[in-house]
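Derivation of every value follows stated rules applied to the coordinates shown; laboratory data play no part. Computed from a predicted model, the values in this text were never measured in an experiment. Because the Cβ atoms are built from the backbone with ideal geometry, glycine has one as well, and the counts that use them run over all protein chains shown.
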Amino acid sequence: MIRTETTCDDAELARLRAPRNDIVAEADPEDGRYGLTEGPFREYERRVDVEPAGESWRVRETTTYRLAIPVWGWLFRLPVARALRNRRDSFGYWWAPPDRLDTRAAMVLGLLAAAQIVDGYLGTVLTQTISFATDEFGRGNSAQGWVLGVARAGVLFSLVTVALADRRGRKTMLVVAGLGSCLFTLLGGLSPDIWTLGGSQLIARGFSTGLGILIAIVAAEEMPARSRAWAASVLVLSAGLGSGIAVNVLRLADLGVRGWRGVYLVGGLGILVIVWVGRRLPETQRFAHAVDTSAPALTAEQRTRRRERLILLAGSAFLLSMFFAPASSFQNDFLKDEQGFSASGISNFTLVTATPAGLGVLLGGYLAETRGRRAVGATGLLIGATFATLAYFSGGAALWILTLLGVVLGGIAVPALAVYGPEMFGTHDRGRANGIIVTVGVVGSAVGLIFVGQVSERLGEIGPALAILATGPLIVAWLVVRRYPETAGMELEEINPEDR
């Protein structure tokens, strides 16, 4: 509850009596009480009491509200309270999306962010622990590369999951994917050998990939037109938080040769989060509408456009994954074997260099909505790939600085490019198309992992192999500028006219 009291003249009184249109859009008043038309609130009411004060007026405003943001409401409590105390003439806050979210959108985004934390954790477990698992099982870089590459084949599970989401519903398959990934991650902690671990993670990573795709699709279908990239930045940060938790839990590996298994066991706790989210998450409105309508008959031009979009995005995913997957997956190995880091040292390095990535991601989400996807995406790719490569040829302070710059400045590309997959396909095949794109991307990551594993084992260092693959992001940056459409501020039905 917020109470304010002020003394004002007739003009200011008229302004205070007018319905607000800033952080909240108010309904016309009834007996001095203003209700909610739109805003991120589950409950909202403003009461205005006026009494004469000489030639002026004394105005008392009492605002009661409850935020509609589950889990993360405490983060916005202070900025929202400040915004409610300080009335503005228009919407626009540095900490908020470009568009004002309504009750449903705020609730959905909060739930998706919670699920994304679980997905971020599950997607990080194998890459963070594989170096320690291979030590216990007496294997080297070659086996590590093969396990990481083969685990990517689990994308077939995600392809089936997201394809079914076009028929069975986004919510249902999101819950199935989340529970499946948590369960098989838990089983991975009991693996007797490196290949059993790889097999369990093949399935777990497949479901985790499907979970991530469906989270992005639900967000794209539920968020306002000028807030999809901003929402993507929030979800990327949530995934980063999940990854950070996994990195922090990696300290268990210092307890003994089998300590890495604890990271997998902790992943089983995600089952509780997925069940909680599943009970509260509604089905998307666009899918609910699509269920009641038949798939549109596409013209030859529309089929050609969709095919070209699929080839463009899938090819880009292949090139990007071929570089960034090994750049991320072999970082621990690089730090441990080439730089002499301990498990705790790796955790500290990752937390220090990765945590500030949120700044770049948040900035990228805002810039992608206000400056356009293409310029932001291409710039971030060029910077991120360059610094990530240089970091593998450095040591000491330069290693920390280059990694930090690459993560923060390269992070601006993430939300700008992440929304293209959900945006550029119609509701009836959005899941299938994104599943294909991610599948091709996973093939690229497997190729990159195996390539770096084989080459680095022969050369004795990882940097040269990554330098060869760094051409991929440079090609994609060119494609983003030359071939990608600009979708900022457009409704999904404008991007895909056949869905109108």
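For Thr37, the residues 5 or more places off, or on other chains, whose built amide H falls under 5 Å of its own are Ala25, Glu26, Ala27.
For the range 414-422, backbone phi angles converted through the Karplus equation (6.51, -1.76, 1.60; θ = phi - 60°) give residue-by-residue couplings of 4, x, 4, 8, 5, 7, 4, x, x Hz, Gly and Pro being listed as x. A dipole drawn for the chain from +1 and -1 charges on Cβ atoms has a positive end, and of Thr355, Leu272, Thr196 the residue lying farthest that way is Thr196. Kirkwood analysis of the chain, using all unique Cα-Cα pairs, places the hydrodynamic radius at 24.0 Å. Hey, for a label at Leu272 modelled as a point 7 Å past Cα toward Cβ, could you say which residues of the range 162-202 have their backbone N under 17 Å away? Counting backbone N atoms under 17 Å from the label point, the list is 179, 182-183, 186.
By Kyte-Doolittle mean hydropathy of at least -1.0 and Cα axial length of at least 24 Å, which whole DSSP H helices of the chain are selected? Span-like helices in the chain: 103-137, 170-188, 194-222, 228-249, 300-329, 373-391, 430-459. With a ≥ b ≥ c the root eigenvalues of the C-alpha gyration tensor of the range 169-255, is it rounded (a/c under 1.5), prolate (a/b larger than b/c) or oblate? Oblate, because a/c is 1.5 or more while a/b does not exceed b/c.
When +1 charges are put on Lys and Arg Cβ atoms and -1 charges on Asp and Glu Cβ atoms, the dipole computed for the chain relative to its Cα centre reaches about 660 debye.
Taking label points 7 Å from Cα along the Cα-to-Cβ direction, His289 and Ala53 give a separation of 4.8 nm. The residue list Thr7, Val50, Tyr65 was ranked by how far each Cα lies along the charge dipole of the range 2-67 toward its positive end, using unit charges on Cβ atoms, and Tyr65 comes out on top. Here's the picture: a label point sits 7 Å out from the Cα of Arg168 along the beta-carbon direction, and within the range 405-443 the residues with their amide nitrogen under 19 Å of it are 428-436, 439. In whole angstrom, how far apart do the alpha carbon centroids of the range 347-383 and the range 89-135 sit? About 14 Å separates the Cα centre of the range 347-383 from the one of the range 89-135. Centre-to-centre, using Cα atoms only, the range 200-244 and the range 7-81 are separated by 34 Å. Taking the helices alone, the chain has a mean residue ellipticity at 222 nm of -21500 deg cm²/dmol, built from -39,500 (n - 2.57) per DSSP H run of at least 4 residues and averaged over all its residues.
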